[in-house]
Amino acid sequence: MYLLQAPLVRELDVFSTMPDALRRPQRSDWADANRGGTVTDSFLEGPVFDGAGNLYVSDIPWGRIFRIDSQGAWSLVAEYDGEPNGMKFLDAGTLLITDYKNGLMRLDVATGQVSPYLQRRNSERFKGVNDLVFDAEGNLYFTDQGQSGLHDPSGRLYRLRPNGQLDLLLHNVPSPNGVALSPDGRVLYLAVTRGNCVWRVPLLPDGSVAKVSQFFTSYGPSGPDGLAVDAQGRVLVANPGLGVVWVLNGRAEPERVLRGMPGSSTTNLAFGGADRRTLHVTDSTHGRVLRTVLETPGLPLHQGAAG
């Protein structure tokens, strides 16, 4: 008989905290709509590492992208009229950004210049794009969350092919958020925040999806957000409402619970370090990055084609 074992609990440590000089304790349009009008001096998401070991994070309400070096020192890379969220590298010097306000944007990390990449579909604006991931062939999967939820399950999952073809894969998701791929690239995991769960989306050889199912069910005031996958195929789920990261095996059973300090809002994930075993986690509401060293490295991230 199979017996479910209690997961091991590990505490997350603080890697770096945003300096006070960079915080903006003011109201913003984004915070008025998404934080109940609470003064939000920053809201960090989108962590991703460059080849030199620098960590990039986005600051949604203030349209800023920061670089954090290996010693935890912060520098401003770009500030523009947008609401940047998820980020992945198109190439070594170009970040692709899911911008809630503008659609897909690209950033030259050397100059700080931000320019449009894909702002509309068939002349129609997106609801509010959220997160993204590339596969080995350069296909880009990204979520269009907007204000969808159980009251309005109309969030979308798109695939943008290298030739520019945009495919709508799902259009019935109650708040699609983080995305990650299995090691073989045949399954996409999709965080469904307002549904408090993670979906499993099989990617078929003909480019379609089928038999989409609910892989993992969480609980609490705010459901799964960012996702990552490690070299064993385990799925890591940032759960901001609980202040934890779930580490799930192939049966969606929690093997580890990585716990932030009380009040932490654990939103997004990125593996870093020379061996990719150091997991970094954005604590959005406190403007800090948490981390821990794991036994298994994260999967290397693919890049797209910056054409």
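Residues being small (G, A, S), over 17 Å from E79 (Cα atoms) and at pLDDT below 90 are entirely absent from the range 13-24. Considering only residues in the range 123-178 that are touching a residue at least 60 places away in the same chain (Cβ under 8 Å) and part of a strand (DSSP E or B), the one that is surrounded by the most Cβ atoms within 10 Å (Cβ to Cβ) turns out to be G178. Note on the range 33-49: residues that are free of Cβ contacts under 8 Å to residues at least 60 places away in the same chain and of a type in the set (S, T, Y) amount to 1. Considering only residues in the range 89-101 that are of a type outside the set (S, T, Y) and surrounded by fewer than 23 Cβ atoms within 10 Å (Cβ to Cβ), the one that is farthest from F15 (Cα to Cα) turns out to be K101. Answer yes or no as to whether L140 is modelled with pLDDT of 95 or more and closer than 25 Å to A252 by Cβ. When the stated conditions are applied, L140 does not pass them. Going residue by residue through the range 15-32, is there one that turns out to be open to solvent by 20 Å² or more (accessible area, probe 1.4 Å), free of Cβ contacts under 8 Å to residues at least 24 places away in the same chain, part of a helix (DSSP H, G or I) and under 23 Å from P224 (Cα atoms)? Looking through the range 15-32, at least one residue is open to solvent by 20 Å² or more (accessible area, probe 1.4 Å), free of Cβ contacts under 8 Å to residues at least 24 places away in the same chain, part of a helix (DSSP H, G or I) and under 23 Å from P224 (Cα atoms).
Looking at L290, L242, just one residue is surrounded by 15 or more Cβ atoms within 10 Å (Cβ to Cβ), aliphatic (A, V, I, L, M) and free of Cβ contacts under 8 Å to residues at least 60 places away in the same chain, and that residue is L242. Hey, among the residues in the range 185-224 that are among the basic types (K, R) and assigned to a loop (DSSP other than H, G, I, E, B), which one's surrounded by the most Cβ atoms within 10 Å (Cβ to Cβ)? Ranking the qualifying residues of the range 185-224, first place goes to R194.
Within the range 50-101, can you find the residues that are within 13 Å of the chain's Cα centre (by Cα), in contact (Cβ under 8 Å) with a residue 40 or more places away in the chain and closer than 18 Å to V281 by Cβ? If the condition is that a residue be within 13 Å of the chain's Cα centre (by Cα), in contact (Cβ under 8 Å) with a residue 40 or more places away in the chain and closer than 18 Å to V281 by Cβ, then Y56, V57, I60, N85, G86, M87, K88 are the ones that fit. For P47, indicate whether it is assigned to a helix (DSSP H, G or I) and either in contact with a Phe, Trp or Tyr (Cβ under 6 Å, 6 or more places away or on another chain) or buried (at least 17 other Cβ atoms within 10 Å of the Cβ) (or both). When the stated conditions are applied, P47 does not pass them.
Tell me which residues, restricted to the range 1-14, are within 18 Å of G263 (Cα to Cα), surrounded by 15 or more Cβ atoms within 10 Å (Cβ to Cβ) and not basic (K, R). Those that are within 18 Å of G263 (Cα to Cα), surrounded by 15 or more Cβ atoms within 10 Å (Cβ to Cβ) and not basic (K, R): L12, V14. Filtering the range 255-272 to residues that are part of a strand (DSSP E or B) and open to solvent by less than 30 Å² (accessible area, probe 1.4 Å) leaves V257, L258, T266, T267, N268, L269, A270, F271, G272. For the range 267-286, the set of residues classified as closer than 10 Å to L44 by Cα and of a type in the set (S, T, N, Q) consists of T267, N268, T282, S284, T285, listed by residue number. Among the residues of the range 102-111, the ones that are free of Cβ contacts under 8 Å to residues at least 40 places away in the same chain, open to solvent by less than 70 Å² (accessible area, probe 1.4 Å) and closer than 17 Å to F66 by Cβ come to 2 in all.
The values are calculated or read from the model by the stated rules, or taken from the named source; none is laboratory data. All figures in this text were calculated on a predicted structure; none of them were measured in a lab. Heads up, the Cβs are rebuilt from the backbone with ideal geometry, glycines too, and the neighbour counts pull from every protein chain shown. Areas reflect the complete protein model, heavy atoms only, side chains present, ligands, DNA and RNA absent. Shrake-Rupley method; radii C 1.70, N 1.55, O 1.52, S 1.80 Å.
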